[in-house]
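J.: Quick one: the structure is below, questions incoming.
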Amino acid sequence: MTHSDTAERAGASPDFFISYTGADEDWAEWVAWVLEEANYSVVIQKWDFQPGNNFIQKMDEGLQQAARTVVILSARYMKSSFATAEMRTAWQRDPLGRRRGLLVFRVEDCRRPGLLSTVISVDLFGVSKEESQRRIIAAALGERGKPPAQPRFPVVIAAGPRPLFPPERRVQARRAARQIWSAAVAIVTVAILVVVVVNAAPAVRRGIDHARAGLRSSASPTVATPTPGPTIVNADGPGPWTVQAIGYTYEVTGVSRTTAAPFPRWWDPPVPAISVRGTVLRAEANSHTSMGWELRDQNGHKLTAPTGTSPDPPGEWENTPTLGQTVRFELVVYDTSPAVTSLTLTITDFHRSDYPLVISNIPVA
């Protein structure tokens with residue numbers, strides 16, 4: 001049996017009436033519990049208003065019979081007509097606060113307008129539950145109320161489960177929200193992975209089929225297997241001139257004299273140069289794409305290329321045509337003295353350097 005039950009049966013007036021709005025019921029119940037644990041008698045709507053009672057009558061009895069009134073103050077409280085009426089009734093009974101008939105416990109950082117601005121309040125927010133409990137008891141006693149040792153917060157109460165300290169309920173709610181969010185993120189991630197795998201499957205199958213086709217193409221008896229040593233084509237006669245091996249077909253379509261900026265003195269006037277134009281056709285799926293080139297004149301002298309020309313750097317290019325695609329190229333080298341009359345083009349696959357392609361005696365008009 002609680003202290004308030006005993007007081008009511010004995011006809012004694014309760015020590016406190018708890019005035020609050022429904023939105024702050026957690027705080028009101030916790031404050032009432034702390035006061036009764038300190039052997040005060042309390043009247044609170046949630047515990048003492050029974051089915052069948054007249055709400056207005058019970059509220060008036062609580063205000064008139066209780067020695068003091070506790071206000072659970074928040075911004076929501078000041079918007080409640082019933083709650084503010086209870087506060088005014090308690091204030092009128094002790095307007096100067098000599099009997100400390102009105103105790104104001106703020107549960108959030110809110111204003112104390114009107115009559116409440118003259119009443120010293122106690123803040124219960126922003127501190128631990130132990131400190132909030134100490135402040136409640138000190139306000140009830142009217143003195144510091146500091147205990148000699150830290151009181152033990154009750155864990156098991158025979159009369160029923162202990163009301164949670166309101167901030168603890170918010171912590172539990174945030175923890176549950178985080179768990180729900182984590183589960184949702186995991187589900188969405190799995191769904192995205194499934195969609196990616198399903199959409200990628202056809203592309204993977206096409207890649208496998210393409211690789212198999214390349215293997216069959218490389219193993220086909222219709223494709224000649226190169227023998228060690230160079231593949232040489234003599235360009236005597238009119239062009240174009242073609243050489244084929246290592247999965248590619250190279251064709252020189254034209255040779256002409258031009259000009260090019262000297263390197264590294266690019267600001268000097270252009271000097272005589274030779275342009276060699278042509279195409280490359282990829283004939284096999286599994287052939288390489290890194291190729292090197294070299295041009296020599298009729299005397300066997302290696303010709304150098306100006307910087308910034310195609311390809312750059314001189315002597316190397318990366319042709320990446322797809323199977324059956326033709327790509328154009330242009331090689332520019334300096335003209336020398338004596339003037340170049342014929343060229344020899346050597347093409348080398350960096351992965352098969354023992355099988356160079358050579359087009360010799362290309363005439364330069």
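The values are calculated or read from the model by the stated rules, or taken from the named source; none is laboratory data. Here the structure is a predicted model, which means the values were calculated and not measured. Cβ: placed from backbone, ideal geometry, glycine included. Neighbour counts: every protein chain shown. Heads up: the accessible areas ignore ligands, DNA and RNA and are worked out on the full protein's heavy atoms, side chains in. Shrake-Rupley method; radii C 1.70, N 1.55, O 1.52, S 1.80 Å.
J.: How far is it, in nm, from the label point at TYR334 to the one at ARG257 when both lie 7 Å from their Cα along the line to the Cβ?
T.: Result: 1.7 nm between the two label points.
J.: Mind checking the full-extension length gain between ARG93 and ASN53? Use 0.36 nm per residue of separation minus the Cα-Cα distance, one decimal, nm.
T.: Between ARG93 and ASN53, full extension yields an extra 11.9 nm.
J.: Working with all protein chains in place, sort ARG152, ARG296 by solvent-accessible area computed with a 1.4 Å probe, largest first.
T.: Largest to smallest exposure gives the sequence ARG152, ARG296.
J.: For the pair LEU323/GLU131, report the inter-label distance in nm, with labels modelled 7 Å from Cα in the Cβ direction.
T.: For LEU323 paired with GLU131, the spin-label model returns 7.5 nm.
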